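Written below as structure tokens is the structure these notes are about.
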Amino acid sequence: MDEKVQELAKILKESNRIVFFGGAGVSTASGIPDFRSSDGLYSKKLNRNFTPEQAVSHTFFMRYPEEFFDFYKHNLIYPYAKPNTCHTALARLEKLGKLKAVVTQNIDGLHQAAGSKKVYELHGSVLRNYCTKCHAFYDEKFILKSAGIPVCKECGGRVKPDVVLYEEGLDEETVSGAIHAISQAHTLIIGGTSLIVYPAAGLIDYFSGKNLVLINKGVTSADNRADLVIHEDIAAVMKEAMELAFGE
């Protein structure tokens, strides 16, 4: 791993147009597991088992809102999670003028908490919630405190997380911004993602720069396209690479 991290440090030092594309593996060091690793949801009321994907689908939200929010609150909101060394490394790269954008599939808001300013949240954020009727805003604390289905204090409408559920489309403006950033990048670092969730994973096809770096514990479909592949924990890799490239 040492030689590969040294190579990454060299890339970080020499590149001035870096874009980072990340997934669930970026936040595991912050104590946030991939929700797909959950055992799913068994509803006594419905007498059925549901997969995590089914439990966070638009259909499930509409048909079984009480079960949806039970799963959602226990598996997707982590109020005490803090940014890890990957998040802080990326924020530092942005401050140095090297990182131009973070494109993330995560919904935890930890990139912004670490100090990153230019973040494209492809799947939304648990920190934002809106009434489906009057569009009043609510934070994640309101959702966690709500018993059963969160209801708008203004109009009584159902409050929905600003998260892209299965069966829903990605926000066009966010996607356009992410595509532009990736297409203009000199270096694209893909980290903590298995690249199996589409259409988000397809955005990396817009990269035509010099360095394609892939950091993920497991093998991905893009390994054979990358100039540098590191199968290690991304938080540890980014911490070490930043220290080699820029010191403490």
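The values are calculated or read from the model by the stated rules, or taken from the named source; none is laboratory data. Remember, predicted model here, so these are calculated numbers, not experimental data. Here the Cβ is made from the backbone with ideal geometry for all residues, glycine too, and neighbour counts use every protein chain on show. Accessible surface areas use protein heavy atoms only, side chains included; no ligands, DNA or RNA. Shrake-Rupley method; radii C 1.70, N 1.55, O 1.52, S 1.80 Å.
Descriptive notes on the structure:
- Angle between the chain longest axis and helix 172-184 axis [Cα atoms, degrees, rounded to 10]: 10 degrees
- Cβ-based charge dipole, the chain, positive-most Cα from Gln54, Ile77, Cys134: Cys134
- Remark: the Glu172-Glu7 segment gains 55.9 nm on full extension, using 0.36 nm per residue and subtracting the alpha carbon distance.
- Net charge contributed by nearby residues that have their C-beta within less than 14 Å of Ala136 (K/R +1, D/E -1): +2
- Estimated at 0.36 nm per residue, the fully extended path between Val197 and Lys210 surpasses their Cα-Cα distance by 2.2 nm.
- The residues of region 1-110 expose on average 49 square angstrom of accessible surface per residue, using a 1.4 Å probe on protein heavy atoms.
- The angle between the Cα long axis of helix 65-75 and the longest principal axis of the Cα atoms of the chain comes to about 30 degrees, rounded to the nearest 10.
- Charge tally in the Cβ shell below 12 Å around Asp162, where Lys, Arg are +1 and Asp, Glu are -1, Asp162 excluded: -3
- Per residue, the solvent-accessible area of region 172-248 (1.4 Å probe, heavy atoms of protein chains only, all protein chains present) comes to 46 Å².
- In this calculation the C-beta distance from Ser221 to Lys82 is compared with R0 = 35 Å, giving a FRET efficiency of 0.65.
- Fraction of beta bridges assigned by DSSP in the chain that are antiparallel (%, nearest 5): 35 percent
- log10 of Debye I(q)/I(0), alpha-carbon scatterers only, for the chain at 0.07, 0.10 Å⁻¹: -0.25, -0.50
- Carbon-plus-sulfur accessible fraction, the chain (probe radius 1.4 Å, protein heavy atoms only): 49%.
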